[in-house]
Structure formats: structure tokens, C-alpha cells
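Please read the structure below before turning to the comments.
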Amino acid sequence: MAEAAIELIGIDKSFGTVRANRDINLVIERGTIRGIVGENGAGKSTLMSILYGFYQADSGEIKVGGKPVSIKTPNDAIALGIGMVHQHFMLVQNFTVIENIILGAEDEALLKRSIANARSELERLEREYGLEVDPDAVIEELPVGLQQRVEILKALYRGAEILILDEPTGVLTPAEADHLFRILKQLKDQGKTIVLITHKLREIMAITDTVSVMRQGTVVATRETAKTTVEELAELMVGRRVLLRVEKGEAKPGEVKLAVDNLTVRDSRGVTMVDDVSFDVRGGEIVGIAGVAGNGQSELIEAISGIRKAVSGTVLLDGKPIEVTGQADPGELRDRGLAHVPEDRHYVGLVLAFEENENSILGYHDKTEYLKGPFLDIDAIRADAKQKIEKFDIRPANDRLKTANFSGGNQQKIVLARELEQNPGVLVVGQPTRGVDVGAIEFIHKQLIAMRDRGKAVLLVSVELDEIRSLSDRILVMFDGRIVGERGPDATEGELGLLMAGVERQEAAE
Amino acid sequence: MEFVDALINILNSTIRVSVPLLLACLAGLYSERAGVFDIGLEGKMLAGAFAAGAAAAVFGSAWIGLIMAVFVSVGLALVHGFASITHRGNQIVSGVAINFIAAGSTIILGQAWFQQGGRTPSLPAEDRFGAIVLPFADALRDVPIIGQLYSGLLSGHTLLAYLAFLAVPFTWWVLFRTRFGLRLRAVGENPAAVDTAGISVSWLRYRAVICTGVLTGLAGCYMALSQNAGFVKDMTAGRGYIALAALIFAKWKPVPAMFACLLFGFLDALSIRLQGRPLAVFEWLPVVVAVLVLAGLMTIARWKPLRSIIAAVLVGIAAAWLVSVFYGGLTAAFQNSVLGAPIRVPVQLMQALPYILTVILLAGFIGKAIPPRAGGVPYVKER
Amino acid sequence: MSNPYAKLPAWADYGLIPLINLIVAFIVAGLVVLLVGENPFRAAVILVEGAFGSGTGLAYTLYYATNFIFTGLAVAVAFHGGLFNIGGEGQAYIAGLGVGVVCLAFDHVLPWWLTFPIAILGAAAVGALWALIPAYLQAKRGSHIVITTIMFNFIAASAMVYMLVDVLKPRGSMAPQTRQFVEGAQLPKLGWFLSEFGLTVRPSAPLNLSFLLALLMAFFVWLLIWRTRLGYEIRTMGFSPKAARYAGISETRIIIVTMLISGALAGMMALNPIMGDQHNVSLDFVSGAGFVGIAVALMGRSHPAGIVPAAILFGMLYQGGAELAFEMPNISRDMIVIIQGLVILFAGALEHMFRPWVQAAFASLSPRTVGVAQPKGERA
């Protein structure tokens, strides 16, 4: 066995009450590519941030090259030969490539010689690893794939022997990703150690030597890639959790309430996040969209609910179009019976500085029952809020309390109560139980089922596979902006896990 | 020839009024390029002017005045840094506060210490910065155009004025040719990139803010010890804000900043002159040309800083020569025609023009002024 | 890691911390007094006595407070919408034109109680118009409203000089101001009201009907912000533009409407000196009240119930400051400008400076009152 490049011994890290990493032990051998997989929130990024000196572990020990070290700042990490390619590139957009590369690693107070040195060093790296890039190009004019190459060059320029890449293919096209993998292999052949953080199993199988699986802050398994299978990894990643069974009867799907046709959405950087997606949701059924976070689900529901402009496509609500590519007005959609429980309740679904009763009308504040002319009918609003508090068992039962002072589960109930009590025909729900305690989860699930049983159409987006499986009547899996498969509620975890990891689709394409 | 004298006169006063603008504008450039917005330039200039006037009066030395000006101004800059870097406070609010503290305390302290209604005692010439006569200025005075420009326009300013204009290429050099400048620009665009590169964001921003303090101190010192013979209350009279406008107008670049300050200075000098006698229609021609030339140079300077300075000098000489050759004929030809009729432009319009132009620029009608991306936002480490 | 936004009991949040900030501001101001060789405690006594010790003093205090209520409300309304209107000074100044034109047109024709409502409209309309352009540029073209409103302060100043010197100045007069208005544009004084309480008020004391208008506006602002649909939308936008988008609230509309209201409130400030005291429009009649509004709004936490007392405090500083200048030759009214700056610094830019200490104090007294802060966002 090769000698260890990095050893992590008993690493623990908590943020407030959340234990992001617990008792992590990991040995990474020199000259290998190690994959670290896990769902969102499994603690991968926290662990790597500890290694790069962004955070300090609460307890535990780090050894680099066999020697115990203390990494307090990124500077320490750089000095130890650790380089990191961040998920969100740490580049200055209006600087040239060479300026970005020398930033923080200049040879002396004047730039001239630093730039000259960097230029020849870049040429060497280009020769050795085939990392071609125009040193005088301005970053914002480069495609993302090249920007990422600059990040890699930055690390190598600083003499990195150990390279950590955090979700490196998230923003890349398949061709760019393949190119990246060739580069990584070459780096490995030159003796560099590479740590690849990802949730895409195909990448793990394609390029790593060994793989560690993280779940809920711990490393649950480490396998040699050659001796494991995608199925095993998917299972380890998701884990065999106690399934919260929800009592529900047979679905009685009725008419199509929501029809999405060829919808394409781009994010603010112009990256296509939803790619030509079509599906529909009938009254009396829950359609669940499964997928690893960041595969376009968020953008999809934002476009449907009128918050984000789509590039092309149509969405029909009760047979009538929504102006998804133009000025769709979320308020008007509410009037037409489309309710939306957004993924981010802290900054979108609620105003945390508001009193509970004020949040219980957000978005419906122009309904006549809450108004007396231009004035808010405070009595009506508070009576209404109190009624919802009772019905949804929101605690503490105080409608004057600031919303920030409610727990996550109760905040979510405030949003749900508001949206469900309007009796909408279509309900779009994003991550309904994220950060919600177990008791509230059950309650929220029951409410969604009740909606379905009243003949409403429910579109559910969640990264919790359990939730999708126990609630949905039909499951759509999104990967890389596309719907890659549809399954019934009896689909197995492994089956869905493969779809979510984009395996099936790739195989079909090859 | 009388017209050439008048022209040189106006250009000369343009330079004089531009100097404090330029120093303050470059001051703001350091801070804002590092991502710390500063609407407290005015206050720091004022405090610097007071410190200069007071110290020069007490110690009888312009140099001690200069040191005190810089000292006090840097002190206020550090207060701004403390609020907006260390405590991540609102940078606008902090800047406003500093302007008021400076406006009030200069008057109160001035009155308490000198009892002259908020002024500092009038300084004799030897306690101020005297004019520096460039070599051969006297000898060349009678050489047409070039000599006149040399001795009448370039020569005869004070040390701080030359320093201000030298600070332009120097700032350009610091910003684009040194490690400090590279990091300074980076921290104003993407502090996270600087942080991950292992550089302290706070210390970098503090250094930028100190540069701002030094330059606003010099700007104040120039006003109290070069332009005037001591401190007069409220003597900055909004120049800090004009400097801010010039900075936006120049899109946060040093050489365009110089032309923007000259442009605004020219408008100021012109408005003073217009109070004496309105210009005739044809006399507006060189004025309009001058404004257009300065605006044009500002644009060129965004791409080719050094060449534009040379271009400015050449264009200036050529224009002066042309005007002087044709002027005699023009006067004779137009004096009694329609073109000789005086146009009365409200002085106030000229005074408001820098602000109006800046608003138009901000509205995106003449190019887009994109501020440093991280400007105004306190850096919070987040992962 | 200490979280600067950890929870504290509400009274500490809204009462204790602002009070500490204010006290620190006054302590630093006291040091300045000490620096000029006077006794800060004696200065404080003179200040308070000058402001509240006599009926006339009180009338002056409330007269100044009237200005600051208007401008403080203007800044506060914009704050609620997440906007920083630094242009109250210019909006008030240019609104003098609206008031002036109405008064010049009607003072011979109408009684004051008819001129007044028209003048209110004139002041509000012109002030709102002056705020509209920066608002439009912010909403539609993304121009930073702080910078544009500053620029508009200077443009207003130049425009007013031009109007007063070249247009409105009566022929043959030297002073750059309009002619004096006759009774039809003079607001009744309120000194008699204070006399009812046994205070002696000089008839020249400028407290006038605008004070009641200011109080009425404070009530209206409270009503608007906390009791109307529009206010609800403004607050949503101010706290979270994303939530506003989610709720179907148009950002453009809110920016423009908020700034119109803010500008109108700032504009109404012009009524107080012009119709209530000077009975003409003169150069620089605003004299910094627009900027005091920033301090007043920050100190009053943008709530009318805080703004009115904060405005009276600053009124006291202005009036007491005048007395102080009389008693202590080393101190002039510009002392107030320093205090104003210090209040803005400590209550605004450094508002969280003492929070960790207060939290530590609370934690050591009773650990249970300080809740564990939610981590901001739950992203891993």
C-alpha cells in the first residue's frame, strides 16, 4: 500500500446544535484519486473546508505526509501543499488568467517579475498536463470549463501536491467533464493526490481508485472502486432509514390541472438548469420530483410559480396558459388557484422579521377578506391566523410572536397553513420537511395527502428520497435539468438512486 | 493676444480648483476599489484642511500643517474602517456620520482655539506652500503659445498641486503594477478569492482606507495652505461630493479621474468667470470644444492611460495656437453680428452641471458606470 | 463563533442597546466640550434649561422639532422599503418652491386656512417629484439611489439659488428671497397653547400649526406602514426583496411609491419655516434639517413613536444649543452637528458594537434568556 498523503483522525465539527462532522477517520494514499460521495448535507464540504483551513475542527487530528499539522488558515494549507478547487470558483471576474494565478502568490512587491515567472511556469504546466489556457484572457470572457482549469492551475502554481475538487462537474458539460477527468488522471500519474467530492456516482466509477461514502456527518464506508458497484454505493449513500409510512389510500387521478410542455430555464449565469422538460399533474395525485439538489428542480418550480422567467416552453394551469416566459405575476397565479410552498422559507416563503399573523397573509395580502379598503383588517387577519395556528398546531400559539422565534417545523407549518387554507387547485411544494423535526414531518405529510384526497394536484420536489417514495403517486427523476425517468410509488431505492446519479441515462446514450 | 491671456487664465484656475478634487477623487479611488464605499471624503478633506490651518498657525510651519492634516484625516478614515470593516456597519451611514462630525468639530474647535468665527488665523506666505517657478519660466514668458503655456499654465503652482498630478500616474502604477494594487483591486471585486488565497481581507481594506485618509488629508491641506491662507469654515463646500461624482464619472480609473476632475474644475472656473461677463455666442465655441475634448480624453484614457496624457498636452497646445491665430479675425468678424450677442447662462447651471452629468451617467445614458462588484458590502466569511 | 444577531429580550433590543449607543454618543460629545475647555455637565444643564426652562424656549424647541419630524419620517419611510433617501435636504429645499408659488398666488386672495391645504399639496407634490427621478432611475436603470439623491441635493441647491436670485426676488430688492407674504399665507402660532399651561411665550416664538401637521403625519406614517396594504408591501420589500417577489409585489412600483411618499414628507418640512415663521422663501431655509432626519430616523428606529421624541431631542439641541452659545462663548450651535454625527455613527454604523457585551452580560445573568441563534440558512 502507498504511503498516506493525508490522515484525518477523529475529526468532529459542530455548528450550533448541528453536528456537521462526527468522529471522522480517513486515510488518503499518495498518488491516488479518492472519491468522497454523499447526499447534500452529509458533511463532505465541511470536512474539506477543515482540511483547507476555512474552519477549525472542534477535536481531532490531521496528519499530512505522516506529520501532525495544524491548519488554521488557507495559507497553512497552501504551505502544506494542499490546493482546493471550489465549487463556486474563487476567481476575480475582471482579472486576467495570469493575474488570478499570481494573486496571493506573488514573488515580490512589483508585479513585473511575478508575471514573467508565472508565464514560464504556466508554459511548463501546459506542457506537462495539457492545461492550455490563454494567460491574458479575462476570466469573465472564458467558458466555465476554462475558468475551472484556471482554478486548477492556481493550485498547481502554488505547488499543490494534494488537490481537492468540490463538485467540479456541477457546471460542466459532459465533454468538459471528460476533459477534466483526463487531466486528473494525468495529475495522478505525475504523483499528485486527488480528492474528488461529488454526488455523481458515474464519475466515481469512471475515475477514482477508492471511494468513501459519507452520510449524516460520518464516513459510513470506504471501498476500492474496482470492487464495488453503483448499486452498493447508492444504497450506502441513501442508507436504510426507517421509512415514515404514511397512511394513504389509492389515488384517483382526475383531470390534468397542471401541464408543463418543453420548459427550458436558465439561471442568472446563463447555464441551462431546466432543459426541455414536459410532464403533467392531475387532480387527486401527488407527483414527486426526485433528484440530487442542483439538478434543476428549484428552477423548475420557480418558473412554474412565476418567480423565475423561463426561456421557452409553456405551462398550462387548468388548461389556460401561464406567462412563464414573460411577466408572470405570482399574485395572479394565486388568484388562479396555484399555491406555492417555496424551498427557501427563510428568505422567500417568510419574512422572518414579521409577526406570525403578518406572515400568514404573505402573498394573499390583497384578498378582500384581509382588507378594509386600503387598510389591513388587523382583527380579521389575527382571527384568521389564530384559526390556522389551532388547525395546524403551530407552537407557540402566539400570533404576535416574531416569525424568527419559531422553530423550523413551526415556521414551515405557518407557510403550509397559509397556502393550504386558501384551498388551491394546484399546490407546488419544495422541500416541505427540510430542517423540520420528526413530529412536524408526519403532520405535514398528512396534510399533503389530505390535499390529494380532496382532488387537488400536488407537485412535490424533495431531495429526501423517502419522502418522495412515501408520498408520491408517480415519481419523476430529474438529472442535469432533464427528466430521466418516471416510476411508480413502488420503485426501489436502488433503482431511483441510479436514475438520480445519471447512470441509466448515460448508459442509454452510449 | 488678450484672448490667449484670458484662456490661459481660465485654464490656470481650472488647474487650481482641480487639485483638491483630484486628490480627493484619487483618495476615494483607493477605498472604493477595495470595496469600501466612502461618501465621507468631504468630511475628511474638511478635517484635514482645519488641521493644516490650525497646526500651521500654531507651529508656524506648513510642513507641520501637512503632517497634522494627514494625521487627522487618516484618523477619521480609520473610524470609517472600524465601523465598516471591523463592525460591518453600513458604509453610507458611517460616511454621513463622519461628514457631520468633521463639519461640526472644525467649527467648534476653531472657535474655541482661535476665536475668529471658526477660521484659523490668516497665515503669512512663509507658513504656506509657496508657488514653485519652473526653470526658465521667466525667460520663456514672451515666447508665443508654448512659452505662455509653460510659464503661465504649467509653472507657478505649489508643491501639492504638482504632487496631485504626479499622484495620477503613481496611482495607476500602484494599482496595476504592484502586488498591493493587484490585491486591492481583487478585494474590491471578490473578497472571497482574496481570502482563499490566504490574504487578510480586513487588513487589506484597512490599508486602502489609510491611503484614502492620506490623500484627503493632502486635499484639505492644499485648500488651507495653498489655495487660501488658512482654514475657513465649510471651506470644502461640497468638493468631496464632486470628487465622488468625478470618481463615478471616471469609472473608478485613475487617469480618467484626472480628466473628470479637470472637466469639473473647468466648469467651476468658467462659472466664476461668467459671473464677470457673459460670453458671446462664438466665444462659447472654445468652451464647448474644451468640454468635449476633456470628455473624449477621459474615454480614451480608459484604454490608453499614458498616451492620452501626451495627447492631452498636444491637443492643448494645438488648440491654443489655433484659437490665438483665429481669434483676432473672429472678434472683428462677429462683434456686431448675431454671433457676437452675449448668451447668459445661469451660473448655477454651470455649478450644477457636474452633478447633472453624473446622474445622466448613472442612469446609463452615456456608458455604464459599474462599481467594484463587492463595493458597499461588508465581507462575511461564508461557506 | 459569536453570532451578532443572537436573540435578546425585546426590551434590550429596542430599548437598552439604542440607549447605550445614544449615551456613548453623548459621552463622546461631552469629551469634545471638555476639549474646548468647558464643563460638559454645566453645558448639559444650560442646554436643557434653554430648551425646556421657559415657554418661549419650549416653543422654539418644538418649532425645530417640527422640521425634524417631517424629515425623520421621510428617511424612515424609505428605510422601511429598504431604500436610503439621503436627499431629504434637497427635496425639502425644492419643495419651498411649491409652497412659495402657492403662497405668492393666494396670500392676497384666500384666508390662511384655504391657502394652507393648497400649500401642503404644493410642498408634497414638488418634494415627491424631486424624489421621483432618483426612484425611477433606481427602479428602472439600477442607478444607486444614495448617489443620485446626493447629486439631487446639489442640483436643488443650485436651482433654488437661481430661482431666488433671478426669478422670485422682487424688483429692486437686494436680498435673494421672495417678498413677504401677507396674512393669507401666514400660519397661526401655537404659543397661546403653551400659555394655557401658565408658561410665558413671546409672541414672536415660531411654533405654529405645522407642528400639528407633523404630528398628524407621524400618525399617518404609522397608519401607512403598519396598517395598510401598501405599508405591508413596503415592509416586505424592505426586509426581503425575494419574499416580495414571491408574494407578487412589484419592486418597481414599491420603490417609486415609497420614494414619492418619502419625498412628499420631506417636502412638507418647507411649510414650517416658510408659512409658519419667515413668511417668505429665502436662501438655505432648510439649513441641514434634511440631514438631521437621518439621525432622527436612526435614533427613532424608523418608528413614529421613536421619531417624534428623537425629533424633540434634536429640537432641544438646536434651541438649547443657541442658549449654550450665548452662555459659553467657546460653544456654538455647531455643537449639534457633532452630536448629530455621533448619533448617526453610534446608533447607525456602529449599532451592533455593544451587542456582544450586552449578550455576554445577559448570558452571565441568566443563560436562559439568550436563546441559541438559528444558523443563518441551512446550507451545508
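Read-outs throughout are calculated quantities, based only on the coordinates presented, and are distinct from any laboratory measurement. Since this is a predicted model, take the numbers as computed values, not measurements. Using ideal geometry, Cβ is built from the backbone for each residue, glycine included, and neighbour counts are taken over all protein chains shown.
From least to most packed, judged by other beta carbons within 10 angstrom and beginning with the fewest, A:R119, B:R344 follow the order B:R344, A:R119. For A:G485, the residues 5 or more places off, or on other chains, whose built amide H falls under 5 Å of its own are A:V477.
In summary, the aspartates and glutamates within cross-link reach of A:K67, defined as a Cα separation below 16 angstrom excluding same-chain residues under 8 places away, comprise A:E3, A:E7, A:E29, A:D76, A:E161. Considering all different alpha carbon pairs of chain B, the Kirkwood hydrodynamic radius works out to 21.7 Å. For B:A363, no residue 5 or more places off, or on another chain, has a built amide H under 5 Å of its own. Placing unit charges on the Cβ atoms of the charged side chains and taking the dipole of the stretch B:1-71 about its Cα centre, the candidate lying farthest along the positive direction among B:L41, B:G60, B:I10 is B:G60. Ranking C:A124, C:F220, A:F392 by how far each Cα lies toward the positive end of the dipole of the protein assembly as shown (charges on Cβ) leaves C:A124 at the top.
Over 56 Å, how big is the tail of the calculated P(r) for the protein assembly as shown, in percent of all Cα pairs? It works out to 28 percent of all Cα pairs. Distance between the C-alpha centres of the stretch C:336-367 and the stretch B:185-207: 27 Å, rounded to the whole angstrom. Rg and Dmax over the alpha-carbon atoms of chain A stand at 25.1, 78 Å. Please compute, for peptide B:191-202, the average count of beta-carbon atoms on other protein chains lying within 10 Å of each residue's beta-carbon. Going residue by residue through B:191-202 and averaging, the value is 6. Read phi for every residue in the stretch C:324-334 and hand back ³J(HN,Hα) as whole Hz from Karplus 6.51 cos²θ - 1.76 cosθ + 1.60, θ = phi - 60°, with x for Gly and Pro. In residue order, the calculated couplings are 4, 4, 6, 7, 10, x, 7, 10, 10, 5, 5 Hz. Helix C:229-239 and the longest principal axis of the C-alpha atoms of chain C enclose an angle of approximately 50°. Once the Cα atoms of helix A:438-453 and of chain A are each reduced to a long axis, what angle between those two axes, in degrees from 0 to 90 to the nearest 10, is obtained? The angle comes out at about 50 degrees. Cα gyration tensor of the stretch A:176-319, axes a ≥ b ≥ c as square roots of the eigenvalues: rounded (a/c below 1.5), prolate (a/b > b/c) or oblate? Taking the square roots of the gyration eigenvalues as a ≥ b ≥ c, the stretch A:176-319 is oblate. Here B:K44 is the anchor, and the lysines within straight C-alpha reach of less than 25 Å, apart from those fewer than 8 places off in the same chain, are B:K233, B:K251, B:K253.
Cross-link partners of C:K189 among lysines, defined as those whose alpha carbon lies under 29 angstrom from its own and excluding same-chain residues fewer than eight positions apart: C:K169.
Residue by residue, the stretch C:274-291 carries 3J(HN,Hα) couplings of 6, 8, x, 10, 6, 6, 7, 9, 10, 4, 6, 6, 6, 6, x, 4, x, 6 Hz when phi is fed to the Karplus relation 6.51 cos²θ - 1.76 cosθ + 1.60 (θ = phi - 60°); x denotes Gly or Pro. With the simple spin-label model, which puts each label point 7 Å out from Cα in the Cβ direction, the C:L121 to C:L199 separation comes to 3.4 nm.
Less than 5 angstrom separates the built amide H of A:L110 from those of B:R179, all sequence-distant by 5 or more or on a different chain. Within 10 Å of the Cβ of each residue in A:86-93, the mean number of Cβ atoms contributed by other protein chains is 5.
What helices in chain B pass both tests, a Cα length along the helix axis of 20 Å or more and a mean Kyte hydropathy of -1.0 or higher, using whole DSSP H runs? Going by DSSP H runs, the hits are B:2-33, B:41-59, B:62-81, B:91-114, B:159-177, B:201-222, B:254-274, B:281-303, B:305-334, B:347-362. Using the Kirkwood radius built from alpha carbon pairs, what does the Stokes-Einstein equation give as D for the stretch A:4-238 at 20 °C and 1.002 mPa s, in µm² per second? In µm²/s, the coefficient rounds to 118. Taking the number of Cβ atoms within 10 Å of each Cβ as an exposure proxy, the fewest-first ranking of C:F219, B:F37 is C:F219, B:F37. According to the Kirkwood relation over distinct C-alpha pairs, the hydrodynamic radius of the stretch C:70-288 is 18.1 Å. As a calculated quantity, the FRET efficiency between A:S278 and A:R454 at R0 = 30 Å, using C-beta atoms, amounts to about 0.70.
For chain C, a Gaussian network of Cα nodes joined below 10 Å ranks C:I155, C:I256, C:I344 by mean-square fluctuation, and the top entry is C:I155.
Axis angle, to the nearest 10 degrees, between helix A:144-157 and the longest C-alpha principal axis of chain A: 40 degrees.
Between the C-alpha center of the stretch A:185-245 and that of the stretch C:162-217 there is a gap of 80 Å. Structure remark: mean-square fluctuation, Gaussian network model of chain C, C-alpha springs under 10 Å; the largest value among C:P329, C:P273, C:P309 belongs to C:P329. Per-residue Karplus couplings for the stretch C:180-197, computed as 6.51 cos²θ - 1.76 cosθ + 1.60 with θ equal to phi - 60°, are listed in order as 5, 7, 8, 3, x, 10, 10, 7, x, 7, 10, x, 4, 5, 5, 4, 3, 8 Hz, Gly and Pro entered as x. For the listed residue pairs A:K44/A:K185; A:K112/A:K154; A:K252/A:K309; A:K367/C:K140; B:K304/C:K140, the alpha carbons are over 25 angstrom apart in A:K252/A:K309; A:K367/C:K140; B:K304/C:K140.
Once the convex hull of all Cα atoms in chain C is built, its volume per residue stands at 175 Å³. Of A:D393, A:D480, the sequence from fewest to most neighbouring Cβ atoms within 10 angstrom is A:D393, A:D480. Highest mean first, the peptides A:394-405, A:204-215 sorted by other C-beta atoms within 10 Å per residue fall in the order A:204-215, A:394-405. Dipole magnitude for the protein assembly as shown: about 1600 debye, using +1 per Lys or Arg Cβ and -1 per Asp or Glu Cβ, origin at the Cα centre.
From its DSSP helices (H runs of at least four residues, each -39,500 (n - 2.57)), chain A gives a residue-normalised ellipticity at 222 nm of -9500 deg cm²/dmol.
Centre-to-centre separation between the Cα atoms of the stretch C:87-154 and those of the stretch A:397-447: 46 Å. Short to long, the 5 Å bins of the Cα pair-distance histogram for the stretch B:38-191 hold 2, 9, 11, 13, 15, 15, 13, 10, 7, 4, 1, 0 percent of all pairs.
Remark: mean inter-chain Cβ contacts per residue of C:220-229 equal 3, using a 10 Å Cβ-Cβ cutoff to other protein chain atoms. Starting from the Cα of B:A311, step 7 Å along the direction of its Cβ; do the same at A:D107; then give the gap between the two resulting points in nm. Using points 7 Å along Cα→Cβ, the separation is 3.4 nm. Among B:L204, B:L160, B:L218, the largest mean-square fluctuation in a Gaussian network model of chain B, built with springs joining Cα atoms closer than 10 Å, belongs to B:L204.
Taking the Cα centre of the stretch A:4-238 as origin and assigning +1 to Lys and Arg Cβ atoms and -1 to Asp and Glu Cβ atoms, the resulting dipole is close to 540 debye.
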